[in-house]
Structures are given as C-alpha cells and as structure tokens.
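The values are calculated or read from the model by the stated rules, or taken from the named source; none is laboratory data. Fair warning: this is a prediction, and the values are worked out from it, not measured in the lab. Here the Cβ positions follow ideal geometry from the backbone for every residue, glycine too, while neighbour counts run over all protein chains shown.
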Amino acid sequence: MNINSNIYKTKVKDFIPKHVFECGQCFRWTMQDDGKYTGVAGGRAVSVYMENEDTLVIENCTEEDFHSFWHDYFDLGRDYGEIKEAVSKDDIMKEAVRFGSGIRLLKQDFNEVLISFIISSNNRIPRIMKSVETLSKLYGEKILWGSREFFSFPTINTLASLSLEDINLCRAGFRCKYISNTAKALSMGRPDTCKECTLDCHFENKLCRKALLPLSGIGPKVADCILLFSGSDYSSFPTDVWVKRVMEELYFKREASLKEIAAFARDYWGEYAGFAQQYLFYYARENGIGV
DNA sequence: TTGCAGGGGTCAA
DNA sequence: TTGACCCCTGCA
C-alpha cells in the first residue's frame, strides 16, 4: 500500500484504535493529545490512527516492519467479520459486538504479557501501566524515535538477574516477589510440566496452562489472560470480576461460580470463547454492567 | 486535611 | 474457604 517515508498505510476492516487499546488486553499504548495511540512492542515504537475509517496509519513504520512484525501483532490476517458472526449467538453478544466492533486481539510477546498480567492481579489499569512502564525504563533497551525516547520491556533473563529490591522500584507491591520468582524460574528453562502436557502444548517457546499455573503469581485468571493475549489459545476465557458480573447478570440471571462460567463459555463459544470474552469485557466495563 | 475502604487475583493456612 | 497482601484512588 502507500508508503511515504516512515509512514505506512494499509486498508483494514474491524479496527478501531480505542477498542483495540482500551479493551484491557495491553498496558503500553496511550492516547496522545492528537488522538493517536503511541506504544512500544517488539522493540519498536510507533503511533497509530485511522484515516477515513478504513485505513490504518502507522507512523515510524517501514514496509519491512509492517510485514515482519505489525501485521501479525495487530492480527490483521484474521477476518473479524467471521469471528463476530460466530460469537453472535444471541442478542446479548450481538449488542456487545456492536459496541466493541473495532476490537482485535493483539499478539503480544509471551513473556511481556506474562509479567504484565502478574502485575495486574488485584490492581487497576493506570497503576499496572505505571509499573510496566517503570520496569521498561529501568531495565529495558532504549528505543529512539527522533528526539523521543522509549523503552522495550525487559527480557526474562534481565528480570531474573535483578534483586527483589531492584524490582520493588516498579512499585508493584506484593507482586514484585511473584515477578522475581517467576522470572528466575523461567530463566532456568521450560518447566517439565509443559514438556509432559499433550493437551495445549503445541506452541514454541510458550507454556500451556498446566505449566503456567505452578508459577508464582499466576492463578487461573492470569493464566487465561496470558494464553489469550499472547495469541496462544483463543479458547481461553479469562473470568475476572467484570466478566463474572456480566455473565451472571445477562446469561445466568443469578450468582454463578467461576467453574460454571468457564464450562458455559467453553460449550457455548468453543474455539472463539476468547474473542467473546473480550467483547463482553469491554461492553461490561464501559457500560458499568453489574456495578 | 486526614482517614479509611476497596480494588480487573493469588497464596497460604 | 478466607484473610492478607502493596499502594493508590476516591470519598466522607
């Protein structure tokens, strides 16, 4: 498509930056005063915005960058029209899909998602973003874009080499020891549980749910987030308080256990459960469902 | 201004 | 199954 110096433009469907970056899946994208979203991923810093509702513009991106990284990161090879149709099995989901029509699930770096979602437990988004940003500033690689400085997320080996006092500087509180423990465990290599697992363990350099759960700071919800937001398992259905509320209010019409909700989602949406979760989550949070 | 409850979960008892 | 956890925010 159009290439003008370091600005790359491409036609897209089903992509609305606000929906993509504010649906709770990522912590390193912020809206600028001019409405563009600026973020760091894969050791690159870019700004993105839509032009004429069907053209995605990526600043500081070459054609090579786009094809080797951003196309996959933004999941542009997937037909979200098909996804929406598949999950819209009732009026509730039809409404949620209409509301979050521009959501796409980003394929984020596995280790970055893993550490970021450890930080997310019992925590609020602005604070999670601050902790992730601080970790990157202190221990990531500097990325220059003109006169602007950005920082990549630190590697697992770097995090593993740090003392707990070093990690405490990101002010993630009691989660810092989880980060430290888990980074150390991962830097030792792939856990045995993952090698034995035959169920979900088909992705390279990643871990399945069974291998994630023993890691410090990773429970069922965080594990599901890691699998979904790294593009490892789209049938994951992370159930946090918001999703629980919306499921109870709109589907169950009563209180329901996490186990019940997970079973329902698996049966009802199958391999697309993760996409359904994201539409519901965004719909529930933006509309205060169940508050 | 100060004080306190509670938060997009996990861990340990 | 339940309370503690670090720290920040909102609100009285």
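Tabulated data
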item	result
Checking residue A:113 against (1) away from DNA strand C (no atom under 15 Å from the Cβ); (2) farther than 17 Å from residue A:162 by Cα; (3) surrounded by fewer than 23 Cβ atoms within 10 Å (Cβ to Cβ), the condition it does not meet	(3)
Hey, residue A:152 within 16 Å of DNA strand C (Cβ to nearest atom) and under 30 Å from residue A:188 (Cα atoms) or not	no
Residue pairs meeting the criteria (Cβ under 9 Å; at least 6 apart or on separate chains; first not assigned by TED's automatic domain parsing to the domain that holds residue A:24, in the stretch A:112-130; second surrounded by fewer than 16 Cβ atoms within 10 Å (Cβ to Cβ))	A:118/A:216; A:119/A:127; A:121/A:219; A:122/A:174; A:123/A:173; A:127/A:171; A:129/A:30; A:130/A:171
Matching option when the condition is part of a helix (DSSP H, G or I) and within 16 Å of DNA strand B (Cβ to nearest atom), among A:67, A:19	A:19
Members of the stretch A:246-265 found to be in contact with a helix residue (DSSP H, G or I) (Cβ under 6 Å, 6 or more places away or on another chain) and in a helix (DSSP H, G or I), listed by number	A:246, A:247, A:250, A:261, A:265
Some residue of the stretch A:137-150 being part of a strand (DSSP E or B) and crowded, with 20+ Cβ neighbours inside 10 Å	yes
